[in-house]
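Okay, so here's the structure we're looking at.
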Amino acid sequence: QVQLVESGGGLVQAGGSLRLSCQASGSTFRINAMAWYRQAPGNQRELVATITRGGSTNYVDSVKGRFTISRDNAKNTVYLQMNSLKPEDTAVYYCNAVAVRSPYEYWGQGTQVTVSS
């Protein structure tokens, strides 16, 4: 009922920046919060950043001060501005949306971010 489409991934040198976008469509009224996750080969998927409709944000410690999550509710879009990228940031980044009733979560297809040293 909710579809998430990600864009903005790519290859960047260490110290560079990328901006990921995730546009939601369908029953977007069901969405209460959105988030970005990432998963590197051999690693568990980890939560990177979250944002509520009210604009409250949270970040994993490893990206604090470098990444910024934001959203445009009118456009049903969430962004992840990634600055000072490190090779350790290399992963597939997934957009996530949370609802208060089932289905409780929706996922995007993922977008690859590769940071070269």
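Things worth noting here:
- Between the residues 77, 54, 108, the greatest Cα displacement towards the positive end of the dipole of the chain, with unit charges on the Cβ of Lys, Arg, Asp and Glu, is found for 54.
- Each Lys and Arg Cβ is given +1 and each Asp and Glu Cβ -1; about its Cα centre, the chain then shows a dipole of about 260 debye.
- For segment 11-71, a simple Cβ point-charge model (Lys and Arg +1, Asp and Glu -1, everything else neutral) yields a dipole of about 140 debye relative to the Cα centre.
- Taking every C-alpha pair closer than 8 Å and separated by at least 6 residues, the mean separation divided by the residue count of the chain gives a relative contact order of 36 percent.
- Residue-wise HN-Hα couplings along segment 13-24, as the Karplus relation 6.51 cos²θ - 1.76 cosθ + 1.60 with θ = phi - 60° gives them from phi, are 7, 3, x, x, 9, 9, 10, 8, 10, 9, 9, 9 Hz; Gly and Pro carry x.
- FRET efficiency, 1/(1 + (r/R0)^6) with R0 30 Å, evaluated for residue 11 and residue 66 via beta carbons: 0.95
- Put a plus charge on the Cβ of each Lys and Arg, a minus charge on the Cβ of each Asp and Glu, and nothing anywhere else: the dipole of segment 58-117 about its Cα centre is then about 160 debye.
- Couplings 3J(HN,Hα) for segment 74-86, derived from phi with the Karplus relation 6.51 cos²θ - 1.76 cosθ + 1.60 (θ = phi - 60°), are 5, 9, 6, 10, 10, 10, 10, 7, 10, 10, 6, 5, 10 Hz, where x marks Gly and Pro.
- Cut-off 9 Å between beta-carbons: net charge of the residues surrounding residue 97, Lys and Arg +1, Asp and Glu -1: 0
- Segment 106-112 - phi-based ³J(HN,Hα) in whole Hz, Karplus 6.51/-1.76/1.60, Gly and Pro as x: 10, 10, x, 7, x, 9, 7
Coordinate-derived values only; no laboratory data. This structure is a prediction, so every number in the text was calculated from the model and none was measured. Using ideal geometry, Cβ is built from the backbone for each residue, glycine included, and neighbour counts are taken over all protein chains shown.
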